[in-house]
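Colleague: Supplied in structure tokens, the structure appears directly below.
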């Protein structure tokens, strides 16, 4: 093709070409020289362009068909839920003006459809080129897939892709990701066009569909999905594909101001996730392990690893002198040159593609350090360097305290962004921490469900401060027992930490002998989580009490509809535990916003509380109660952040609580 273009430009009748192959393993060079006439090159070029033109025409025809169908699209459910139309209108307006918006929408409004529907309508009008539905949870991806299917059932033509992480979709996880060891990587680019043609006939590029075609055509499923992303109208994926400096989709985001819309689901999770994405850590032990493995065979890399290991030993001594942790406001500039030398030497050896037992171990370390150095390039006053001694090992972390700067920069990758969640309290905090611009708007939508179906209670006569927990644990247990004994059902009891939970469980099991108790365990597998949730059945013949940790696997993202959950107890105000990182956050935001405690502890805590309480009412027919236990709920500082429609009943004794609960459940029985 280049030869034809050059010959045409230079008005040549014929031209010589040379193709050079370099054999990496042996260093052998082979040259292939050919002489072509302009006519021969023209035939080749026209065939090449004809194939591309055929594909381009297919894509254009699809876009015309898509936009026509979107123009005829009506809301798929006939009627909007309360608050849903207002949300959809605001999302559309935000996309139209290339703006940013934060939306707190209570459970039941239908947030997924209220964001996807207006975004699709905007696409049909040429206001956005592609929709990125960004979510942190599998349940969020399923909800987006369901919403898109509902739109397609109305006749709209829309192609969507669910992008799955490489390690989850890989067909050969035990093999190296190379053509030499994986038959799906070997010849991938020779076969991928056929796979794309097969897949383009479909509309929902789900994980199952992508993997099926990838197996049939014998192509790498992850690389195939990345190719498909170019032709998808809506991409459903994890936050990191838009924000993480190590893995964001460069095919879309290398250039700023793409004609894209970001719909950011469960956006309250983006605060911690972005800190993780913009931070990086390394440990001493892997350097030592790899060094031992390559000792006799790779002396240059062995030497560079020795220097890095010596540096890490000095860092460990620094930790020992400070206890077990320490930090510095500056970057470890003297370490970076050592890491760059390691990367340069390792990359040179890896390019030789020599099979050795230690190759994968060395490759893993190479990728870890590459990612670390990518984060190091961003180090500024919003970062600190943290050290932590772990027995003989030491951890070095470049910790991003304030993710707002990089999130703000990442927002330049799109034209419009909508952050939405059931809990974004207070909204000004989220506007700042998520890097929103000064013109970003906010919208708060209350619960669409009947007020009489839900009753929150505040018991503010019990202290759950760390210093008081031992002497008040029996009172907490009694309050839980009072709540669950008023009505047979299933209940979730949330604590701020596992240790505190176990302290109270011991008392509770003796107080409530006729209840069945299940307890969240650390590090539960997928099957164990599923088994835990399956115990919350409508058919339980005795009261079931599930003890869990706020902010954990059962604190959000689960749906226990109807009689599967009758109520919840939230013990404490959800404050994260005191740690080096949280204290660094506190000090930084005290200096920069005069709100250190709020940013580090209070605001993350209250959102955990609201997420936990939000497990109770999931549909318009659900009925349930929530009990908040902590004396701080009696103060304006905390009560002001509870939803306005809650209007909680304040109780000051076990007797008052029992009477108030009996009154609520009595009304529900009368309604039935």
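Colleague: Tell me which residues, restricted to the stretch 332-343, are in a loop (DSSP other than H, G, I, E, B) and buried (at least 17 other Cβ atoms within 10 Å of the Cβ). Let's see the steps before the verdict.
Modeller: Of the stretch 332-343, the ones in a loop (DSSP other than H, G, I, E, B) are 332-335.
Those that are in a loop (DSSP other than H, G, I, E, B) and buried (at least 17 other Cβ atoms within 10 Å of the Cβ): 332, 335.
Colleague: Let me ask something else. Mind listing whichever residues of the stretch 213-240 are over 19 Å from residue 159 (Cα atoms) and surrounded by 19 or more Cβ atoms within 10 Å (Cβ to Cβ)? Reasoning before the result, please.
Modeller: First, pick out the residues of the stretch 213-240 that are over 19 Å from residue 159 (Cα atoms): 215-220, 239-240.
Within the stretch 213-240, 217, 219, 220, 239, 240 meet the criteria.
Colleague: For residue 156, only one of the following conditions fails: (1) part of a loop (DSSP other than H, G, I, E, B); (2) farther than 21 Å from residue 141 by Cβ; (3) more than 28 Å from the chain's Cα centre (by Cα). What is its number?
Modeller: (2)
Colleague: Give the number of residues within the stretch 293-302 that are in contact with a helix residue (DSSP H, G or I) (Cβ under 9 Å, 6 or more places away or on another chain) and assigned to a helix (DSSP H, G or I). Steps first, please.
Modeller: The initial filter retains those residues of the stretch 293-302 that are in contact with a helix residue (DSSP H, G or I) (Cβ under 9 Å, 6 or more places away or on another chain), namely 293-296, 298, 300-302.
Filter once more, so that each one left must be assigned to a helix (DSSP H, G or I): 293-294, 300-302.
Qualifying residue count, the stretch 293-302: 5.
Colleague: A further question follows. Could you tell me whether residue 572 is touching a residue at least 12 places away in the same chain (Cβ under 8 Å), buried (at least 23 other Cβ atoms within 10 Å of the Cβ) and at positive phi? Give the steps one after another, and end with the answer.
Modeller: On the way: touching a residue at least 12 places away in the same chain (Cβ under 8 Å): yes; buried (at least 23 other Cβ atoms within 10 Å of the Cβ): yes; at positive phi: yes.
Here the answer is yes, as residue 572 does meet what is asked.
Colleague: Got at least one residue in the stretch 110-122 being out of contact with any helix residue (DSSP H, G or I) (no Cβ under 7 Å at 6 or more places or on another chain) and assigned to a loop (DSSP other than H, G, I, E, B)?
Modeller: No, the stretch 110-122 contains no residue that is out of contact with any helix residue (DSSP H, G or I) (no Cβ under 7 Å at 6 or more places or on another chain) and assigned to a loop (DSSP other than H, G, I, E, B).
Colleague: Checking the condition free of Cβ contacts under 8 Å to residues at least 40 places away in the same chain, surrounded by 14 or more Cβ atoms within 10 Å (Cβ to Cβ), under 30 Å from residue 328 (Cβ atoms) and within 25 Å of the chain's Cα centre (by Cα), which residue from 588, 601 passes? Step through it out loud before you land on a result.
Modeller: On the way: 588 fails: free of Cβ contacts under 8 Å to residues at least 40 places away in the same chain.
Answer to the selection: 601.
Here is a yes/no grid of residues against (1) modelled with pLDDT under 95; (2) crowded, with 23+ Cβ neighbours inside 10 Å; (3) more than 19 Å from residue 133 (Cβ to Cβ); (4) assigned by TED's automatic domain parsing to the domain that holds residue 667:
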position	(1), (2), (3), (4)
386	no, no, yes, no
391	yes, no, yes, no
395	no, no, yes, no
416	no, yes, no, no
419	no, yes, no, no
426	no, no, yes, no
432	no, no, yes, no
435	no, no, yes, no
441	no, no, yes, no
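Colleague: Here is a further query. Working only within the stretch 253-286, note down all residues that are assigned to a helix (DSSP H, G or I) and crowded, with 21+ Cβ neighbours inside 10 Å. Talk me through it step by step, then tell me what you get.
Modeller: Residues of the stretch 253-286 assigned to a helix (DSSP H, G or I): 253, 267-278, 284-286.
267, 268, 269, 270, 274, 277, 278, 284, listed by residue number.
Colleague: Tell me which residues, restricted to the stretch 196-212, are crowded, with 22+ Cβ neighbours inside 10 Å and part of a helix (DSSP H, G or I).
Modeller: Taking the stretch 196-212 first, the residues crowded, with 22+ Cβ neighbours inside 10 Å are 199, 205, 210.
Answer for the stretch 196-212, where residues must be crowded, with 22+ Cβ neighbours inside 10 Å and part of a helix (DSSP H, G or I): 199, 210.
The values are calculated or read from the model by the stated rules, or taken from the named source; none is laboratory data. Everything numeric here is computed off the predicted structure, so don't read it as measured data. With ideal geometry, Cβ positions are generated from the backbone for all residues, glycine too; neighbour counts draw on all protein chains shown.
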